Amino acid sequence: MSESARTTLLALSERVDWLVARFCEGVVLLIGCALLALLTSNVVARYALDSGGFRFAQELPERLFPVFIMAGVALAVQKGGHMAVETVLAMLGRNGARLLLLVGHAIVIVSYVVLGVEIFGLAEIMAIDRSPVLGLPSSYGYYALGIGTVLIILTTLTLAIRVALIGPEAMPIPGPEEQIS
């Protein structure tokens, strides 16, 4: 592969990662604030209103939480915050570690493609089930999971591109607060 093609591919993977990160950070911030405001207002309403709170406040977090979680999962993949066993990588040479990482990334991508297809299929089925108060379809949570699988696939693909072109040192290193020795 030419140096120009490598540079373009690396730049593209960095741009996709940046877009996924900004999207996920925005979702986590927006949904996190909405959940905090919703749950806080419902606690206050339980004591202030004769009705005992807002009826919709039980259902809405159930619909928002999967979105919140999947955005966080995609961010964790980007930052290397998932569980990893690095003993075997340390025993392999640089090229062996690169190959093992690429095989692992391929397995993750294929697994999430299969999972995503099944989740989107299940979301279609769950669209007929509606929540009792708001009337929202149950498919929202499944679509959030499906979109999350797409984000994880994109992130894993960009990691694989960097590992293939740069080597195992391209893997993200989680912060000390995320490491367990």
**Net dipole in debye of the range 62-146 [+1 Lys, Arg Cβ; -1 Asp, Glu Cβ; about Cα centre; nearest 20]** = 320 debye
**Request:** Please name whichever of Leu151, Val43, Leu30 sits farthest to the positive end of the charge dipole of the chain, dipole taken about the Cα centre and charges placed at Cβ: Lys and Arg +1, Asp and Glu -1.
**Result:** Leu151
**Message:** Quick check: the angle from helix 139-165's long axis to the longest principal axis of the chain, C-alpha only, nearest 10 degrees?
**Reply:** 20 degrees
**Prompt:** If one puts a single equal scatterer on every Cα of the chain and applies the Debye formula without solvent, what log₁₀ I(q)/I(0) results at q = 0.17, 0.19 Å⁻¹?
**Reply:** -1.12, -1.27
**Request:** Using a 1.4 angstrom probe, figure out how much accessible area the chain has per residue, in square angstrom, rounded to the nearest whole.
**Result:** 62 Å²
**Fill in**
Ordering Asp129, Asp17, Asp50 by the accessible surface of their heavy atoms, 1.4 Å probe, largest first, yields Asp50, Asp129, Asp17
**Message:** Using Cα-Cα distances under 8 Å and only pairs 6 or more residues apart, what relative contact order does the chain have, in percent?
**Reply:** 30 percent
**Message:** Keeping all protein chains in place and using 1.4 angstrom, which order do Ser111, Ser131 fall into by accessible surface area, from largest down?
**Reply:** Ser111, Ser131
**Message:** Rolling a 1.4 angstrom probe over the protein chains, ignoring ligands and nucleic acids, what is the accessible area of Val113 in square angstrom, nearest 10?
**Reply:** 70 Å²
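The values are calculated or read from the model by the stated rules, or taken from the named source; none is laboratory data. This one's a predicted model, so the numbers in the text were calculated from it and none came from an experiment. Please note: Cβ atoms are built from the backbone with ideal geometry, for glycine as well, and neighbour counts cover all protein chains shown. These accessible areas exclude ligands, DNA and RNA; they are computed on the full protein's heavy atoms, side chains included. Shrake-Rupley method; radii C 1.70, N 1.55, O 1.52, S 1.80 Å.
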